[in-house]
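*Asks:* What follows is a single structure, and I will ask about it in a moment.
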Amino acid sequence: MSEEFLDERDLIEDVDDEGSHVVAMESPAPLKPEMLPRAEKASAASIGWLVVLALGVIVAARQWLVTTPYFALRDVRVEGASHRSVAHYEEVAGLTKGHNVLALDLAEARRKLIAEPWVEDATVVRRLPGRIDVSVREREPLAVLALEEPYLVTATGNVFKTVEPEELVDRPVITGLTTEDLSDSAGRGRELLRRALDLAAEYERGKLVDAMPLEEVHVERSGEMVLRVGAQGVALELGHGPYRHKLDMAAKVLAEVDRRGGRATALLLDGAPTSDRVVVRAR
């Protein structure tokens, strides 16, 4: 069998001659709007008008929702209010009766509440059709810290606000520390404050608190602690900690002094933490 070899020119000529085996394809030209059938143009225009109409309905519906009296704020319920009144928290959060509840910015209301010094955390919940529920977690002051001005301080040492004249806070006073002590970069002032707060909390759990409420925790420059307790301001000179045994001894000694009809002005318990030696100063 003989073999024939065709070069490129022979192939092209054969294809051109036969013409029925190769079809040249060109990319169709893009359709212009004027080339569309009238029905398709009308359909596109209709869709456009429907979109505009739908958007208009949505805007109108939203406008109705945020203005209709049906969703007017009629009731505000506040839980957790102890140190501040319910009316105060309503005002701080901007929850005015009659305002539309859907138009209220709940995140902004919560931010305003947390900016209130008494509030540690808060939640604001919308209850349709016309109620807002507020829950606040207030800070609990353990003591009043006497600096240039009196400040409220929590058990963890958070100094969170000055004491206002109208605030009657029945808490013991911590004395002996200064602003410079608390701003010390070494942190010694903060450590002394924490120790004073721990001692106040320990006294509140002890045996003397009912008969002789804690009035003052005085911090000496040496770090020793002195408590003043009861209406007569009896001084309990405790020295350094730990203090549990010393407080128990103070309770026994004061009970014995009272049984004998005496009146103690001071108890010196600044010896060893486990010592039973107590010096009593009496009138």
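*Asks:* Between residues in segment 87-112 that are at negative phi and residues that are aliphatic (A, V, I, L, M) and part of a strand (DSSP E or B), which pairs lie under 6 Å by C-beta distance while being six or more apart or on different chains?
*Replies:* From segment 87-112, the pairs are Tyr89/Val78; Glu90/Val76; Leu95/Val76; Leu95/Ile132; Leu106/Val124; Ala109/Val124; Arg110/Ala122; Arg110/Val124.
*Asks:* If you check Ala60, Ala54, Ala107, which single one turns out to be in a helix (DSSP H, G or I) and at pLDDT 95 or above?
*Replies:* Values: Ala60 fails: at pLDDT 95 or above; Ala54 fails: at pLDDT 95 or above.
Step by step, each of Ala60, Ala54, Ala107 is checked, and only Ala107 is in a helix (DSSP H, G or I) and at pLDDT 95 or above.
*Asks:* Let me ask something else about it. If we keep just the residues of segment 181-219 that are β-branched (Val, Ile, Thr) and within 15 Å of Gly230 (Cβ to Cβ), which is surrounded by the fewest Cβ atoms within 10 Å (Cβ to Cβ)? Outline the logic, then answer.
*Replies:* Step one: of segment 181-219, the residues β-branched (Val, Ile, Thr) are 209, 217, 219.
In the following step, the residues that additionally are within 15 Å of Gly230 (Cβ to Cβ) were identified as 209, 217.
Working: Val209: 14, Val217: 25.
Only one residue tops the list, namely Val209.
*Asks:* List, please: which pairs have Cβ atoms under 7 Å, are six or more places apart or on different chains, and start with a residue in segment 150-174 that is without any contact (Cβ under 8 Å) to a residue 60 or more places away in the chain and end with one that is assigned to a loop (DSSP other than H, G, I, E, B) and surrounded by fewer than 16 Cβ atoms within 10 Å (Cβ to Cβ)?
*Replies:* Leu152/Val169; Thr154/Glu140; Phe160/Pro117; Lys161/Pro117; Thr162/Glu149; Val163/Val169
*Asks:* Please go through segment 118-128 and give me each residue that is surrounded by 14 or more Cβ atoms within 10 Å (Cβ to Cβ) and of a type outside the set (D, E, K, R), ordered by number. Step through it out loud before you land on a result.
*Replies:* Within segment 118-128, the subset surrounded by 14 or more Cβ atoms within 10 Å (Cβ to Cβ) is 118-120, 122-124, 126.
Residues satisfying the conditions are Trp118, Val119, Ala122, Thr123, Val124.
*Asks:* In the list Val144, Val134, which residue meets the criterion of being crowded, with 18+ Cβ neighbours inside 10 Å and either of a type in the set (Ser, Thr, Tyr) or free of Cβ contacts under 8 Å to residues at least 40 places away in the same chain (or both)? Lay out the reasoning, then the answer.
*Replies:* Working: Val134 fails: either of a type in the set (Ser, Thr, Tyr) or free of Cβ contacts under 8 Å to residues at least 40 places away in the same chain (or both).
Going through Val144, Val134 in turn, the sole match is Val144.
*Asks:* Right, another one. If I filter segment 251-266 for residues that are under 43 Å from the mean Cα position of the chain (by Cα), in a helix (DSSP H, G or I) and either in the same structural domain as Val173 (by TED's automatic domain parsing) or modelled with pLDDT under 95 (or both), do I get at least one hit?
*Replies:* Yes - at least one qualifying residue is present in segment 251-266.
The values are calculated or read from the model by the stated rules, or taken from the named source; none is laboratory data. Note that the structure is a prediction, hence the values are computed from the model and not measured. Backbone-built Cβ (ideal geometry, glycine too); neighbour counts: all protein chains shown.
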